[in-house]
1. Do you know which residues across the range 165-192 are part of a helix (DSSP H, G or I) and without any contact (Cβ under 8 Å) to a residue 60 or more places away in the chain?
2. Can Val299 be described as touching a Lys or Arg at 6+ places or on another chain (Cβ under 6 Å), more than 30 Å from Ser100 (Cβ to Cβ) and aliphatic (A, V, I, L, M)?
3. Has the range 123-136 got any residue that is among the hydroxyl-bearing types (Ser, Thr, Tyr), in a loop (DSSP other than H, G, I, E, B) and modelled with pLDDT under 95?
4. Please verify whether Leu293 is touching an Asp or Glu at 6+ places or on another chain (Cβ under 7 Å) and not assigned by TED's automatic domain parsing to the domain that holds Ser135, treating the condition exactly as stated.
5. When you look at Met267, is it hydrophobic (A, V, I, L, M, F, W, C), over 13 Å from Gly169 (Cα atoms), touching a strand residue (DSSP E or B) at 6+ places or on another chain (Cβ under 7 Å) and not assigned by TED's automatic domain parsing to the domain that holds Met31, yes or no?
6. Among the candidates Gly279, Gly270, Gly258, Gly320, single out the residue that is part of a loop (DSSP other than H, G, I, E, B), of a type in the set (Gly, Ala, Ser) and more than 16 Å from the chain's Cα centre (by Cα).
7. What residue, among those in the range 60-83 that are in contact with a helix residue (DSSP H, G or I) (Cβ under 9 Å, 6 or more places away or on another chain) and either part of a helix (DSSP H, G or I) or outside the structural domain of Asn29 (by TED's automatic domain parsing) (or both), is surrounded by the most Cβ atoms within 10 Å (Cβ to Cβ)?
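The values are calculated or read from the model by the stated rules, or taken from the named source; none is laboratory data. Every value quoted in this text rests on a predicted model; they were computed, and no experiment measured them. A quick note on method: Cβ atoms are made from the backbone with ideal geometry, for glycine too, and the neighbour counts reach across all protein chains shown.
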Amino acid sequence: MPIENNSAENLQLIVPNLHRRYSGVTATNRMVAPKLAQMFRAAWLGSHAPDGIARIGLADLAKLWRRRTPLIWHARRNDEMIAGVLLRALGWPLKLVFTSAAQRHHTWLTRWLIRRMDAIIATSALSASFLKRESDVVMHGVDTDRYAPPADRAAAFEQSGLPGRYAIGCFGRVRAQKGSDVFVEAMCRLLPLYPDFTAVIVGAVVPEQQGFANGLKQQIEAAGLQSRIVMTGEIAIEEVPRLYQRLTIYAFTSRNEGFGLTLIEAMSSGAALVASRAGAAEFVVEDGVTGLLTPPGDVDALVAALEPLMQNPASAADMGMRARARVLEKFSLDAEANAIAEVYKTVV
């Protein structure tokens, strides 16, 4: 919904999304922005705009030059910080907020940009430790209504047309950073032992990773598991919650991650979780209760964690319900939006 001509000057918040390629940052931004739009007069600038928030174009943005009332610009990437700094220098009355999920030392450019922000949000205490300045920790939330357990998981799986009775999923772009190879190797070991299970890999293969993906496909073919390790490629955003509902187990196999939104999406959907200690996993998961934690890149550890759940799908279902309860208590979208709103209030 484009912003009305007479309302641009009444805006309080601009949510920029300046990357055309869909990513985890985009996913988190899309999820919380409509909630923020219920609390502030907000507009989305850029691609992949979600429902529930107005859109602003460059012509509308130009009308805001030299207005008197401060306007929040909430960046999540370097280019969005750069744009905010430049716009403010040219006369736009912006208050700059940046959310950082990175768990590494920042480049000189990022450090320079961070020093020019009016407020910083970190998505975990670990991310905050790399910022070298005061920040507020606000962990991501998930839409618990959209990402909800199915009424009947067996029926949801049956609708998929996949072989067997149960599914193990691994979502995200197919690449080494996401541990796609770790997941495939674990499945090549386990699936021959557990014929009721099928593995589903959901995510795009970008051109520079095509060789990596081809190698995985060759490994799957050599194991004779073409029908039981399914690579869907990229799917429509609207289809993702339905795919989670088909899973009995979710494997989060990233070697490194900013936060890892799929962690809480899978938990909210009631899937048992086995997660590498990457991103926010150690902050989100109660090891042995709402999920199981493994070292990143460790195939043997992943196999050892998955096998008991595959042996006993009922125990996997119980873990999934505990995971759902954990998300409802700690990682709702309302909790995230309310915490972000408190940060906004400090800068305006």
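1. Going through the range 165-192, the residues part of a helix (DSSP H, G or I) turn out to be 176-178, 180-192.
If the condition is that a residue be part of a helix (DSSP H, G or I) and without any contact (Cβ under 8 Å) to a residue 60 or more places away in the chain, then Asp181, Val184, Met187, Cys188, Leu191, Pro192 are the ones that fit.
2. In short, no.
3. yes
4. Considered against the rule, which asks whether it is touching an Asp or Glu at 6+ places or on another chain (Cβ under 7 Å) and not assigned by TED's automatic domain parsing to the domain that holds Ser135, Leu293 comes out as yes.
5. Numbers: hydrophobic (A, V, I, L, M, F, W, C): yes; over 13 Å from Gly169 (Cα atoms): no; touching a strand residue (DSSP E or B) at 6+ places or on another chain (Cβ under 7 Å): yes; not assigned by TED's automatic domain parsing to the domain that holds Met31: yes.
When the stated conditions are applied, Met267 does not pass them.
6. Result: Gly270 is the single residue among Gly279, Gly270, Gly258, Gly320 that is part of a loop (DSSP other than H, G, I, E, B), of a type in the set (Gly, Ala, Ser) and more than 16 Å from the chain's Cα centre (by Cα).
7. Just the residues of the range 60-83 that are in contact with a helix residue (DSSP H, G or I) (Cβ under 9 Å, 6 or more places away or on another chain), to begin with: 60-61, 63-65, 67, 69-70, 72-78, 81-82.
This time we only want the ones that are either part of a helix (DSSP H, G or I) or outside the structural domain of Asn29 (by TED's automatic domain parsing) (or both), so: 60-61, 78, 81-82.
On the way: Asp60: 21, Leu61: 20, Asn78: 16, Met81: 23, Ile82: 16.
Per the criteria, the residue is Met81.
A quick yes/no check of all residues on (1) of a type in the set (Lys, Arg); (2) over 24 Å from Val15 (Cβ atoms); (3) in contact (Cβ under 8 Å) with a residue 60 or more places away in the chain:
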| site | (1), (2), (3) |
| --- | --- |
| Ile229 | no, yes, no |
| Gly260 | no, no, yes |
| Ser268 | no, no, yes |
| Thr290 | no, yes, no |
| Gly320 | no, yes, yes |
| Glu336 | no, no, yes |
| Ile340 | no, no, yes |
